[in-house]
Amino acid sequence: MNRRRRIYEGKAKVLYEGPEPGTLIQHFKDDATAFNAKKHAVIDGKGVLNNRISEFIFQALNEIGVPTHFIKRLNMREQLIRSVEIIPLEVVVRNVAAGSIATRLGLEEGTPLPRSIIEFYYKNDELNDPMVSEEHISAFGWASPQELDEMMMLAMRINDFLTGMFLAAGIKLVDFKIEMGRLWDNDMSRVILADEISPDSCRLWDAKSKDKLDKDRFRRDMGGLIEAYTEVARRLGIVTENEQSAGSGPRLVQ
Ligand SMILES: Nc1ncnc2c1ncn2[C@@H]1O[C@H](COP(=O)(O)OP(=O)(O)O)[C@@H](O)[C@H]1O
Ligand SMILES: [Mg+2]
């Protein structure tokens with residue numbers, strides 16, 4: 001039985017009306033998509049892992065004072081979040097060349113970038129999420145110049161924190177994508193982190209072997225996606241060693 005009102009169904013998640021005004025329930029599905037959903041599969045257990053990994057990261061960010069939409073996890077696949085007005089931009093932070101920047105600029109994948117680089121993509125599936133500049137963003141009013149400043153500050157703080165957190169777990173944070181939204185308080189709004197941060201939205205490489213522990217395993221038909229996501233969860237301390245050796249798929253601690 002499910003009496004909740006479904007607000008939105010996306011490629012990887014479903015949003016339901018929350019228990020109180022201003023809240024939503026974010027449900028993580030097992031669907032994996034790539035190349036603007038031209039490639040699709042259902043990967044058993046992915047939603048459960050992403051819910052837990054994203055919870056872990058958002059909780060840690062909340063604790064260091066980065067404002068996020070995360071309130072609390074409700075169950076294996078769902079979390080309670082604050083409803084925001086999503087800014088229609090994907091904010092990508094890159095530390096090492098991989099994916100589209102490697103192709104676009106002719107860089108060998110794995111080349112460290114001279115410094116961390118922030119890119120913006122206009123969130124529009126019909127247009128294939130085109131890359132846009134700050135000029136486009138303010139000219140079309142997708143975000144104000146002040147909001148853009150806030151977004152870049154937040155993106156850099158998140159990058160600094162996550163880089164250290166993953167490195168301590170033997171993982172190189174190559175790049176990641178985030179979404180942000182406006183939280184309104186009367187006629188004032190501030191920008192907070194929304195959506196998710198998980199191996200679906202990051203490039204994570206084993207620091208030593210450079211093995212991919214992220215969605216590139218799906219994009220590039222490498223297999224072993226659940227094993228890789230489980231390894232990320234294990235190294236972050238979300239799943240225990242004992243449960244791993246017990247076998248038969250990912251089992252998660254409370
Ligand atoms: N706190 C929030 N409030 C409102 N919308 C959100 C919030 N966090 C994420 N979203 C939106 O919910 C959707 C999540 O579902 P997803 O499957 O990722 O969708 P998509 O296929 O559009 O990427 C995204 O469109 C995202 O922008
Ligand atoms: Mg999405």
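The values are calculated or read from the model by the stated rules, or taken from the named source; none is laboratory data. Since this is a predicted model, take the numbers as computed values, not measurements. Here Cβ is always computed from backbone atoms with ideal geometry, including for glycine, and neighbour counts include all displayed protein chains.
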Which ones in the range 62-91 are of a type in the set (A, V, I, L, M) and away from ligand 1 (no atom under 14 Å from the Cβ)?
-> ILE64, VAL66, LEU74, MET76
Criterion violated by ARG115 - all others in (1) of a type outside the set (S, T, N, Q); (2) without any contact (Cβ under 8 Å) to a residue 24 or more places away in the chain; (3) part of a strand (DSSP E or B); (4) not assigned by TED's automatic domain parsing to the domain that holds PHE176 satisfied | (4)
Enumeration of residues in the range 156-180 that are within 16 Å of ligand 1 (Cβ to nearest atom) and surrounded by 21 or more Cβ atoms within 10 Å (Cβ to Cβ) = ILE158, PHE176, ILE178, MET180
Keeping to the range 132-161, report how many residues are in contact (Cβ under 8 Å) with a residue 24 or more places away in the chain and either small (Gly, Ala, Ser) or outside any helix (DSSP H, G or I) (or both).
-> 4
Can you name the residue in the range 172-188 that is within 16 Å of the chain's Cα centre (by Cα) and hydrophobic (A, V, I, L, M, F, W, C) and, of all such residues, is nearest to ALA233 (Cα to Cα)?
-> LEU173
Does the range 96-103 contain any residue that is within 16 Å of ligand 2 (Cβ to nearest atom), assigned to a strand (DSSP E or B) and either in contact (Cβ under 8 Å) with a residue 60 or more places away in the chain or hydroxyl-bearing (Ser, Thr, Tyr) (or both)?
-> no
Just name the residue that is surrounded by the fewest Cβ atoms within 10 Å (Cβ to Cβ) out of those in the range 77-96 that are of a type in the set (Lys, Arg) and more than 19 Å from SER189 (Cα to Cα).
-> ARG77
Some residue of the range 201-209 being within 16 Å of ligand 2 (Cβ to nearest atom), touching a strand residue (DSSP E or B) at 6+ places or on another chain (Cβ under 8 Å) and polar (S, T, N, Q) | yes
Does PHE70 meet the test of being of a type in the set (Phe, Trp, Tyr), modelled with pLDDT of 95 or more and in contact with a Phe, Trp or Tyr (Cβ under 8 Å, 6 or more places away or on another chain)?
-> yes
Any chance the range 30-42 includes a residue that's touching a helix residue (DSSP H, G or I) at 6+ places or on another chain (Cβ under 7 Å), over 27 Å from GLY164 (Cα atoms), without any contact (Cβ under 8 Å) to a residue 40 or more places away in the chain and not small (Gly, Ala, Ser)?
-> yes
Determine if the range 227-241 includes at least one residue that is in contact with a Leu (Cβ under 6 Å, 6 or more places away or on another chain) and modelled with pLDDT under 95.
-> yes
